[in-house]
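A.B. asks: Handing you this structure, nothing more for now.
The values are calculated or read from the model by the stated rules, or taken from the named source; none is laboratory data. Treat the numbers as computed from the prediction; the structure is a model and nothing was measured. As a convention, Cβ positions derive from the backbone with ideal geometry for all residues, glycine included, and neighbour counts pool all protein chains shown. The protein model used for the area step is the full one, side chains on, heavy atoms only, and it has no ligands, DNA or RNA in it. Shrake-Rupley method; radii C 1.70, N 1.55, O 1.52, S 1.80 Å.
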Amino acid sequence: MIRSTRRMFTRMALIAPLALAALPPAMATDAANWDQVLSEARGETVYFNAWGGSANINAYIQWAGDAVKARYGVSVVQVKLDDTAKAVTTVLAEKTAGRNQDGSVDLIWINGENFAAMKRQGLLFSPDWATKLPNWDLVDIDNQPTTRTDFTIETEGLESPWGAAKLVFFYDEARTQKKDLPDTAQDLLAFAQTHPGRFSYPQPPDFTGSSFLKQVLSERIDDPSKLQKPVDEATFDRDVAPLFAYLDQLHPLLWRKAKAFPRNYPDMKQKLADGELDIIFAFNPAEASAAISAGELPGSVRSFVFSKGTLGNTHFVAIPYNAKAKAGALVLANFLLSPEAQLRKQDPAIWGDPTVLAMRKLPEADRAAFAALDLGIATLPPDRLGPALPEPHPDWMTRIEAEWTKRYGAAN
C-alpha cells in the first residue's frame, strides 16, 4: 500500500505539484501499519540530528545504527550538533523555501523549547506516531508523566521518549568532604564563598548551563507555579530578579571569576578530573559512574542532589514534517525504545542514561537483565535521587538565556 501510495504521489507530482505539497504527511507513512513501515524503511538512510559532544553517546548511536542496518536494512547517519536549535532552524528554513518533502533532517534528539518551537510552527510529523510504535506499550507513562509532557507542553505523540533525566551534582570525595556539600542553591553560594574559584557552570545557551539557571530560578522565585505557565511580561523582571541577584553574587566567586565559563558538561567533567573544579553537575544520574568506567574521572567521584529536589525531565526523538526517510526514522525510534536498546543505554559502562520503560510491562528476562545491571559506584539509587522539580514552561528558558546574555554575554 505504501509503495502504491508512492506511485500515486509520483503521478500526482507530474500533473499537480502544488496539490501534492498540500497533502498531509500522514498519508505517506503511518506507524499503525508497521509491516508497511518496515517495508518502506528498507534501503532508506536516516539523518539523525543529535548532540555530538559526548564520545560514549556517539558510540551508542553508532551501535543503534549498526543494529537497525543489520536487522531492517536502514542506514543511520548521525549529524553531530552542538546545539539542537540548528536542526530546528534547518527545518524551518526548508519550510520557508517550500521544501515540504525530502527534507534533510529525518530524526532529531530533542526536548524543551526546541520541541515547543517545532510544534508551534507546524514542523513535526503527524500526531500520535509515537504512540503507534510497537514498543510504546512498554513506556512507563504512569510513573513518568514527563514521557507525555515536555516542559509543560503536551507531546500529543509528536515525539517519542528516549531517556529520563535528572539534575545531579558530582564531587571528588578525595578532595571535598561530604559535610561541606550544599543542599540548596543558597548553600551552593555559601560553598563558593568559602571555596572561591572552585565552581562554575557552562555559559548559556548551553543546555546544562541553562538548566543551572532554571534550578536556581525554581528555588528562588516567589511562586514556583508561575514557571508552569508562559512568561508574564508584566511581572517578568520582578520574577527573575532573585535569580540575577544570586548570579551577581556568585559570579565573582566562580572559576576565573566568570570572565570565562566551561564550554559544556564534558569541559566541566575534565576540570573536575584535573582538580580545577570541586563540584560539577549533569542531567544524568549515572554520568559520573560512566565517566569512571571510561577512565575520565577518578574512582573517588560521587553524586549528590538537593534534598528538596532538582530538575527532572524526559528527552525525546522527533520526526520533522518534511523528513525524507520517515519510515526509517520510525524504525529507528522504535528500536531506541526496545528493552534491548534501553538496557544498553542504562548501562553506565555504555552511557548510563535511565530508561523510560516500565519494568512491570517487560518480559521476565528483560526485567531480570535490568535488575542485574550494575549502576556503578557513583550512581545514586532511585530512592535517593530526591524529588524531581518540574521543568519550567519553555518560555522561561528562552527569556532567561536572553537576559543572561544581555547581562554577562561577553564572557567566553
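A.B. asks: Farther than 23 Å from residue 228 by Cα and open to solvent by 40 Å² or more (accessible area, probe 1.4 Å): which single residue out of 399, 344 fits that description? Even if it seems obvious, please write down each step before you answer.
C.D. replies: On the way: 399 fails: farther than 23 Å from residue 228 by Cα.
After ruling out the rest, the residue left standing is 344.
A.B. asks: Scan segment 360-381 residue by residue and report those that are in contact with a Leu (Cβ under 9 Å, 6 or more places away or on another chain), outside any helix (DSSP H, G or I) and either of a type in the set (Asp, Glu) or under 30 Å from residue 281 (Cβ atoms) (or both).
C.D. replies: 373, 378, 381
A.B. asks: Give the residues of segment 142-160 that are among the aliphatic types (A, V, I, L, M) and not in a strand (DSSP E or B), sorted by residue number.
C.D. replies: First pass over segment 142-160, keeping only residues among the aliphatic types (A, V, I, L, M): 153, 158.
Of everything in segment 142-160, just one residue is among the aliphatic types (A, V, I, L, M) and not in a strand (DSSP E or B), namely 158.
A.B. asks: Out of (1) of a type in the set (S, T, N, Q); (2) surrounded by fewer than 23 Cβ atoms within 10 Å (Cβ to Cβ); (3) under 21 Å from residue 305 (Cα atoms), the odd one out for residue 152 is which?
C.D. replies: Condition (3) is where residue 152 drops out.
A.B. asks: Which one of these is of a type in the set (Phe, Trp, Tyr) and either without any contact (Cβ under 8 Å) to a residue 12 or more places away in the chain or over 30 Å from residue 74 (Cβ atoms) (or both): 335, 281?
C.D. replies: 281
A.B. asks: Could you check segment 58-104 and list, in sequence order, the residues that are within 26 Å of residue 263 (Cα to Cα), of a type in the set (A, V, I, L, M, F, W, C) and not in a helix (DSSP H, G or I)?
C.D. replies: Within segment 58-104, 77, 79, 81 meet the criteria.
A.B. asks: Would you point out which residue out of 229, 179 is of a type outside the set (Ser, Thr, Tyr) and without any contact (Cβ under 8 Å) to a residue 24 or more places away in the chain? It would help to see each step written out before you state the result.
C.D. replies: Numbers: 229 fails: without any contact (Cβ under 8 Å) to a residue 24 or more places away in the chain.
One residue alone meets the criteria, 179.
A.B. asks: Here's a check for you: in segment 46-81, which residue that is of a type in the set (Gly, Ala, Ser) and at pLDDT below 95 is farthest from residue 316 (Cα to Cα)?
C.D. replies: Applying the filter and picking the extreme gives 55.
A.B. asks: Something else now. So which residues in segment 50-68 are surrounded by 14 or more Cβ atoms within 10 Å (Cβ to Cβ), touching a strand residue (DSSP E or B) at 6+ places or on another chain (Cβ under 8 Å) and either of a type in the set (A, V, I, L, M) or more than 19 Å from residue 265 (Cα to Cα) (or both), if there are any at all?
C.D. replies: Passing the criteria: 50, 57, 61, 64, 65, 68.
A.B. asks: Residue by residue through segment 385-396, note down the ones that are open to solvent by less than 30 Å² (accessible area, probe 1.4 Å) and outside any loop (DSSP other than H, G, I, E, B).
C.D. replies: Those that are open to solvent by less than 30 Å² (accessible area, probe 1.4 Å) and outside any loop (DSSP other than H, G, I, E, B): 394, 396.
A.B. asks: Assigned to a loop (DSSP other than H, G, I, E, B), at pLDDT 90 or above and surrounded by fewer than 24 Cβ atoms within 10 Å (Cβ to Cβ) - does that describe any residue in segment 324-335?
C.D. replies: Checking segment 324-335: at least one residue is assigned to a loop (DSSP other than H, G, I, E, B), at pLDDT 90 or above and surrounded by fewer than 24 Cβ atoms within 10 Å (Cβ to Cβ).
A.B. asks: Residue check: is residue 101 surrounded by fewer than 16 Cβ atoms within 10 Å (Cβ to Cβ) and either in contact (Cβ under 8 Å) with a residue 40 or more places away in the chain or over 30 Å from residue 228 (Cβ atoms) (or both)?
C.D. replies: Taking the combined requirement at face value, the residue does not satisfy it.
A.B. asks: Looking at residue 304 and the list (1) at pLDDT below 95; (2) surrounded by fewer than 24 Cβ atoms within 10 Å (Cβ to Cβ); (3) more than 21 Å from residue 112 (Cα to Cα); (4) not β-branched (Val, Ile, Thr), which single condition is not satisfied?
C.D. replies: Only one criterion is unmet by residue 304, namely (1).
A.B. asks: Taking into account only those residues within segment 372-384 that are of a type in the set (A, V, I, L, M) and out of contact with any helix residue (DSSP H, G or I) (no Cβ under 8 Å at 6 or more places or on another chain), which is most open to solvent (accessible area, probe 1.4 Å)? It would help to see each step written out before you state the result.
C.D. replies: The initial filter retains those residues of segment 372-384 that are of a type in the set (A, V, I, L, M), namely 372-373, 375, 377-378, 380.
Adding the requirement that they be out of contact with any helix residue (DSSP H, G or I) (no Cβ under 8 Å at 6 or more places or on another chain) leaves 372, 380.
Numbers: 372: 82, 380: 19 Å².
Looking at residues that are of a type in the set (A, V, I, L, M) and out of contact with any helix residue (DSSP H, G or I) (no Cβ under 8 Å at 6 or more places or on another chain), I get 372.
A.B. asks: Which residues, taken from segment 83-106, are β-branched (Val, Ile, Thr) and at pLDDT below 95?
C.D. replies: 84
A.B. asks: Out of the residues in segment 124-141 that are open to solvent by 20 Å² or more (accessible area, probe 1.4 Å) and assigned to a loop (DSSP other than H, G, I, E, B), state the one that is farthest from residue 48 (Cα to Cα).
C.D. replies: The extreme case among them is 141.
A.B. asks: Still on this model: Kindly provide the set of residues from segment 293-316 that are assigned to a strand (DSSP E or B) and over 19 Å from the mean Cα position of the chain (by Cα), ordered by number.
C.D. replies: Within segment 293-316, 301, 302, 303, 304 meet the criteria.
A.B. asks: Among the residues of segment 310-363, which ones are under 25 Å from residue 294 (Cβ atoms), in contact with a Gly (Cβ under 7 Å, 6 or more places away or on another chain) and among the basic types (Lys, Arg)?
C.D. replies: Passing the criteria: only 345.
A.B. asks: Go through segment 151-166 and report how many residues are of a type in the set (A, V, I, L, M) and within 12 Å of the chain's Cα centre (by Cα).
C.D. replies: Matching residues across segment 151-166 total 2.
A.B. asks: So, one more: Hey, which of the helices (runs of 4 or more DSSP H) in segment 167-284, taking only ones fully inside, have at least 3 residues that are over 24 Å from the mean Cα position of the chain (by Cα), surrounded by fewer than 19 Cβ atoms within 10 Å (Cβ to Cβ) and of a type outside the set (Ser, Thr, Tyr)?
C.D. replies: In segment 167-284, the matching helices (runs of 4 or more DSSP H) lie at 185-194, 236-250.
A.B. asks: Looking for something open to solvent by less than 60 Å² (accessible area, probe 1.4 Å), in contact with a Lys or Arg (Cβ under 7 Å, 6 or more places away or on another chain) and not hydrophobic (A, V, I, L, M, F, W, C) - is there at least one such residue anywhere in segment 109-123?
C.D. replies: no
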